[in-house]
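Below you'll find the structure, written out as structure tokens, and then a few comments.
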């Protein structure tokens, strides 16, 4: 297990593991969510995102490892409802409550002033829907209500599970501005999604998991640079080149025969010069454009499983 330095602010996850029966949902997961930026928590459906969020919030107990907020487990804080605001999905709302009633009981439970309810309804553009029952709301409106509830206590940390579901382009733009403004005050934002193209619109940093394992932990700008170009190389013996690149932390994807490979994060001229220095004879060298979504799919597509090999624990912050 890679050990990261302790992070007394924001969210700190260390060696988090959770199984249900024989199925390991979260596997020795470690990462930090730092204040002052919007962090996206990404992975395909079933990757373990929701279970991880539940353990961070103290709603599920890990088999091993820890999840802390501001240096302590959330239940250990005197007023956890004022430390974290969370929305884990519209399906957890009581459909018979009105919009106002949903926020009323949260305000009562957390000692929040009623005036804050009106402020939040105005913020999420639900003032005119305040008397509607939750069962009467569209998915987008329920998402906005969930965000209003998460913000109700003016928390220091905001955790949202799939908040972009059901939002139209105007709603996504609104949420981006809201979360960026929240994070700009030095507070912490963690939101999950299984779609990178949506997260790309709102996040500054991304944490990507697959099968409960950490696959990548980097800024979105870094991921974009890695995605912009890949170099396809061909040769009878590429091992010296690939070993050198791996030692530098460069992502390489060889085929099963070792005669073809794809290299990320290096220009064709750099690869050619390196081959000359290493004495590697190439029979092919070509650049291929790769979109950010392609990179995400490559990271989360479980390549080991396709070749019949058991999943590996990838190195912290590196691609699988």
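Coordinate-derived values only; no laboratory data. None of the values given here were measured: they were computed from a predicted structure. Glycine gets a Cβ as well: all are built from the backbone with ideal geometry, and neighbour counts include every protein chain shown.
The share of alpha-carbon pairs in region 161-240 lying farther apart than 15 Å comes to 66%.
Ordering 134, 209 from the fewest to the most neighbouring beta carbons within 10 Å gives 134, 209.
Output the direction-averaged projected area (hull surface divided by four) of the convex hull of the alpha-carbon atoms of region 102-167, in nm². Mind showing how you got there, number by number?
On the way: hull surface 17.8 nm².
Quarter of the Cα hull surface area: 4.5 nm².
Helix-only estimate, please: 222 nm mean residue ellipticity of the chain, summing -39500 (n - 2.57) across DSSP H runs of length 4 or more and dividing by its residues, to the nearest 500. List each step's numbers first, then the result.
Details: 12 runs with 109 residues, N = 320.
Taken over the chain, the calculation gives -9500 deg cm²/dmol.
By the beta-carbon count within 10 Å of each Cβ, the least crowded to most crowded order of 17, 51, fewest first, is 17, 51. Here each label is just a point 7 Å from Cα along the line to Cβ, and for residue 177 and residue 253 those points are 3.8 nm apart.
The spacing between region 50-92 and region 118-162, judged by their C-alpha centroids, is 20 Å. Projected label points at residue 133 and residue 79, each 7 Å from Cα along the beta carbon direction, are separated by 3.4 nanometres.
Gain in length, residue 98 to residue 185, computed as 0.36 nm per residue apart minus the alpha-carbon separation, to one decimal in nm? Please report the intermediate quantities before stating the final value.
On the way: separation 87, 0.36 × 87 = 31.32 nm, distance 3.15 nm.
Difference between extended and current length: 28.2 nm.
Going by neighbour counts of Cβ atoms within 10 Å, the residues 199, 55 line up, fewest first, as 199, 55. For the chain, the longest principal axis of the C-alpha atoms and the axis of helix 268-278 are separated by about 50°.
Computed over region 91-244, the range of Cα coordinates on each principal axis works out to 71, 31, 28 Å, biggest value leading.
Taken along the Cα-to-beta-carbon direction at a fixed 7 Å, the label points for residue 45 and residue 59 span 1.9 nm.
So if I take the centroid of the Cα atoms in region 168-188 and the same for region 241-264, what is the distance between those two points in Å? About 39 Å separates the Cα centre of region 168-188 from the one of region 241-264.
Here the translational diffusion coefficient of the chain follows from Stokes-Einstein with Rh set to the Kirkwood radius across Cα pairs; for 10 °C and 1.306 mPa s it amounts to 74 µm²/s. Among beta bridges identified by DSSP and lying wholly in region 11-211, the antiparallel ones come to about 45 percent.
Debye-formula intensities of region 13-159, expressed as log10 I(q)/I(0) at q = 0.17, 0.20 Å⁻¹, are -1.02, -1.23 (one equal scatterer per alpha-carbon, no solvent).
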